[in-house]
1. Please give the contour-minus-distance gain from Ser78 to Leu123: 0.36 nm per residue of separation, less the Cα-Cα distance, rounded to one decimal in nm.
2. Using each residue's phi in segment 28-37, evaluate 6.51 cos²θ - 1.76 cosθ + 1.60 at θ = phi - 60° and report the 3J(HN,Hα) Karplus result to the nearest Hz, with x for Gly and Pro.
3. Tabulate in residue order the Karplus-calculated ³J(HN,Hα) for segment 45-60, using 6.51 cos²θ - 1.76 cosθ + 1.60 with θ = phi - 60°, rounded to whole Hz; enter x for Gly and Pro.
4. How much length, in nm to one decimal, is gained on full extension between Ile21 and Val34, taken as 0.36 nm per residue of separation minus their Cα-Cα distance?
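Values in this text are rule-based calculations from the coordinates and carry no lab data. Please read all numbers here as calculations on a predicted model, not as lab measurements.
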Amino acid sequence: MIPTSAPGDTHPYLRAASAGIRHHTRVLARADEVSPAPGDRPHLDVLHAHLTALHLLVDRLAESTRPPRPAAGRHLASARTHLWQAATEVHAAFHLLPGAPATDAAGASACQPARLPQGPTVLTICQRHLAAGHSVRRKTTPTDLRPHTTACVR
C-alpha cells in the first residue's frame with residue numbers, strides 16, 4: 001500500500017528516512033550516557049546504505065539541476081562528491097572493526113572483488129560500495145575527490 005501524504009508533504013519517504021536517523025541518533029546518545037558503546041558493523045552497514053542512496057539521489061538532482069541552474073548544479077555536484085567521500089570512510093571503518101575473517105598486513109579486512117567476501121554483511125557493503133564506485137569513476141576525476149571546501153554563494 002502506498003502511503004498518502006498531506007498536500008504540503010511532497011517528499012514523505014525522505015522525511016521518514018530523516019526522522020528515522022534522528023530517532024536512532026537520540027537513542028544512541030541516551031545509550032552513550034549510560035555506557036558508551038563503539039560503532040559496530042551492522043550500524044556502519046546501514047549508514048553506508050543511506051550514504052550511497054543519498055549519493056545517487058544527489059547525483060540525479062545535480063544532473064537535472066545543472067543545465068538550467070549551473071551554479072546550483074555545481075554545488076550539488078560538490079555535495080555528491082562529499083557524500084562519496086563519507087561513504088568511502090564508512091566503508092573503510094567497517095573493515096577496521098572486529099568480525100572480519102580475512103585481514104591484511106595491517107589487521108584490517110579488505111574487499112576482495114575477485115572473490116566473494118566472507119559473510120553476508122561484508123558481501124552487501126562491498127558490493128554496494130563497488131557499484132557506487134563505478135558511478136563515481138564515470139563522473140569525477142581524482143582532483144574532484146580531494147578534500148576541499150566551498151564558499152556559500154547566493
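1. On the way: separation 45, 0.36 × 45 = 16.20 nm, distance 2.87 nm.
Going from the current span to full extension adds 13.3 nm.
2. For segment 28-37, the Karplus-derived couplings read 5, 5, 5, 5, 5, 5, 7, 8, x, 10 Hz, x marking Gly and Pro.
3. Working through the residues one at a time gives 4, 5, 4, 4, 4, 5, 5, 5, 5, 4, 4, 5, 4, 5, 4, 5 Hz.
4. Difference between extended and current length: 2.6 nm.
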